[in-house]
Amino acid sequence: MLLWEMVAVAMQSIRANLFRAMLTMLGIIIGVAAVIAMVALGTGAKRAVDSQLESLGGNILSVRAGSGFFRGVSVGDRKLNIDDANAIREVAAAVAVVPESSGTIQVKFGNRNKPMTIVGTTENYAEVNNYELMYGRMFTAAENAARDRVIVIGGDVAAMFEQEPEMLLGRSLLVKGTSFEIIGIFESKGTVGFSSRDEYGWVPLATAQSRLTGNKDLNSIGVQISDDVPMEVAIIDVERVMRREHQIIPGAKNDFMLSDRKQFLNMQQEAAGIFSYLLAGIAGISLIVGGIGIMNIMLVTVTERTREIGIRKALGATRTNILLQFLIEAMMLCISGGVIGIALGASAATLMASLAGWSTPLSFSAVAIAFGFSAGVGLLFGLLPARKAASLDPIEALRYE
């Protein structure tokens, strides 16, 4: 019997028991679809983090206020100030230093009131943090020194007040009862890490401290590190300067915190990748379970078609012919399930992309591996039923009722 004839016979047998065949393929379908969808989701998560990394700008080290200690006992939060920022500028690896003083303040535009996070910072904030202006401009050092009432807003602020972005430029925004002129609007950046700054407002640091917060405290200091200097070295240098400024004795704990934003996102990326491949591995178990189901059904099929096998052998079919016929039938079940699983997996990846807002590209390597694994499952678990069919005695098979 020719190979194509064996394939035709296998397909005819599957069509004769189509409902049973679909139930048999279910494990393979779910396994292949899950592998493809999970790998696509993991790839999409990595790309989303890559996009976040690009949006952060250069290597940024964040210095934040922490708890002070006296004789091993916490004595409250130690604040940062502009002297700390000026001292960090002495670090050779520091390309730029961006102090920040922020808080949530009630703002008003027209007859609408909204709580908004207002960040007091310096004129180099946008450049260091890789912000692009959609409209207008960033405030200047002169405006900071003069404590001018100007503000740059995030890309989603216009939507908060149900306005078109370009219509807000030059208008006044009441911040804590003080009128600020909107001079610029940033492009939206989306969520970075676990937060979004697209609904923030930025004002000159001196303006924020004198007109809004009423104190000289800083929430954080962003330090842009030179690309030529390893982040680990820069952290040591910044820590040394901060300990000197805060007069922390050797052996005492820091009253500030240092964090590398990119390192955090890289860890998030690695965790997403590991999680997706773990889920894909679990989905792979479904393929094995599906293979066991196919083996069971094929053993039942051999029993049901014992008389047919006897007739084929009586007409001259060899053991190899019978072996190949049932082996091909098992593989056709798995391959058909694999094809359906690929279609479902691709559809699931597209659906997850729309829900998560990520790009979830279909991985051709994952498709090839899942499809190849499904065919391998058919070969492995179809071998036992095929050998059983091939080893039947033709006389006994003809007598079987």
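Read the figures in this text as sums done on the coordinates, not as results from a lab. Note that the structure is a prediction, hence the values are computed from the model and not measured. Cβ atoms come from the backbone with ideal geometry, glycine included; neighbour counts cover every protein chain shown.
Worth pointing out:
- Other-chain or far-sequence residues with amide H under 5 Å of Asn59's (modelled H): Ile225
- Evaluating 6.51 cos²θ - 1.76 cosθ + 1.60 at θ = phi - 60° for every residue in the stretch 327-336, the Karplus couplings come out as 5, 5, 5, 5, 5, 5, 4, 5, 5, 4 Hz, glycine and proline recorded as x.
- Share antiparallel - DSSP beta bridges, the stretch 73-252, percent rounded to 5: 80
- In order through the stretch 171-184: 3J(HN,Hα) via Karplus (6.51 cos²θ - 1.76 cosθ + 1.60), integer Hz, x for Gly, Pro: 7, 9, 10, 7, 10, 6, x, 9, 7, 10, 7, 7, 9, x
- Distant-in-sequence amide H partners of Leu218 (H built 1.01 Å from N, under 5 Å): Leu80, Asn81
- Extending 7 Å from the Cα toward the beta-carbon at both Ala92 and Glu127 defines two label points whose distance is 2.3 nm.
- Loop-resident sites, the stretch 166-246, for chymotrypsin sites (Phe, Trp or Tyr not before Pro), counting at most 10 other Cβ within 10 Å (DSSP): Phe194
- Cα gyration tensor category, rounded, prolate or oblate, for the stretch 73-252 with a/c compared to 1.5: prolate
- Distances between placed amide hydrogens fall under 5 Å for Ile105 paired with Met116, Thr117, Ile118, all partners being 5 or more residues away or on another chain.
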